[in-house]
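> Mind looking over this structure? Questions follow.
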Amino acid sequence: MTALVDVMVPDVRTALVAGGIALVVGAIAAATVARLRAGGMRVAYTRKLFHFAIFTAAALVHGAWGLPGTVVFGTVIAAIVLLGNHPPVEFGDVHGLDRFVFDLGLLFGFLFQGQRDV
């Protein structure tokens with residue numbers, strides 16, 4: 001398990017650079033598809049454009065910083081998507097909180113699905 005963690009955990013510089021790139025790419029991609037969606041483009045096409053931008057940037061990050069950079073990039077993009085789908089949960093909003101916790105459970109389940117054999 002420690003060998004896997006050593007391979008995946010980035011140094012501080014990689015985390016800051018890849019995280020910053022993820023914030024910029026995620027914000028630009030989200031803003032672009034939101035504008036296109038508001039202009040009448042169908043959801044299926046805006047989703048494809050968003051995924052193309054994210055996966056292209058992830059490939060570039062992987063080429064520059066390897067797996068640790070890709071882990072940071074994916075984590076930041078996942079946070080952007082989760083927070084973008086869920087505005088801050090207000091006190092007493094049980095339904096919104098339940099949905100947010102459910103989505104976090106899906107995210108962690110996806111992240112650790114291959115870790116059973118370790």
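> Only residues that are closer than 13 Å to Leu23 by Cα and hydrophobic (A, V, I, L, M, F, W, C): list them for the stretch 62-85, please.
Val72, Phe73, Val76, Ile77, Ala78, Ala79, Ile80, Val81, Leu83
> Out of everything in the stretch 47-70 that is buried (at least 16 other Cβ atoms within 10 Å of the Cβ) and not aliphatic (A, V, I, L, M), what residue ends up being farthest from Val5 (Cα to Cα)?
Checking each candidate, the answer is Phe50.
> Only one of (1) at pLDDT 90 or above; (2) not in a helix (DSSP H, G or I) is not met by Pro10, so which one is it?
(1) is the only condition that Pro10 fails.
> Another question, if that's okay. Would it be correct to say that Ala22 is touching a Gly at 6+ places or on another chain (Cβ under 6 Å), assigned to a helix (DSSP H, G or I) and closer than 19 Å to Ala64 by Cα?
no
> Taking the condition assigned to a helix (DSSP H, G or I), modelled with pLDDT of 90 or more and of a type in the set (A, V, I, L, M), does Ala57 pass? Talk me through it step by step, then tell me what you get.
Working: assigned to a helix (DSSP H, G or I): yes; modelled with pLDDT of 90 or more: yes; of a type in the set (A, V, I, L, M): yes.
Judged against the criteria, Ala57 is a match.
Let's see how each residue does on (1) within 17 Å of Val61 (Cβ to Cβ); (2) of a type outside the set (Asp, Glu); (3) crowded, with 17+ Cβ neighbours inside 10 Å:
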| site | (1), (2), (3) |
| --- | --- |
| Met8 | yes, yes, no |
| Asp11 | yes, no, no |
| Thr14 | yes, yes, yes |
| Ala22 | yes, yes, yes |
| Ala27 | yes, yes, no |
| Val33 | no, yes, yes |
| Ala38 | no, yes, no |
| Met41 | no, yes, no |
| Tyr45 | no, yes, no |
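The values are calculated or read from the model by the stated rules, or taken from the named source; none is laboratory data. This structure is a prediction, so every number in the text was calculated from the model and none was measured. Don't worry about glycine lacking a Cβ; one is built from the backbone with ideal geometry, like all the others, and counts go over all protein chains shown.
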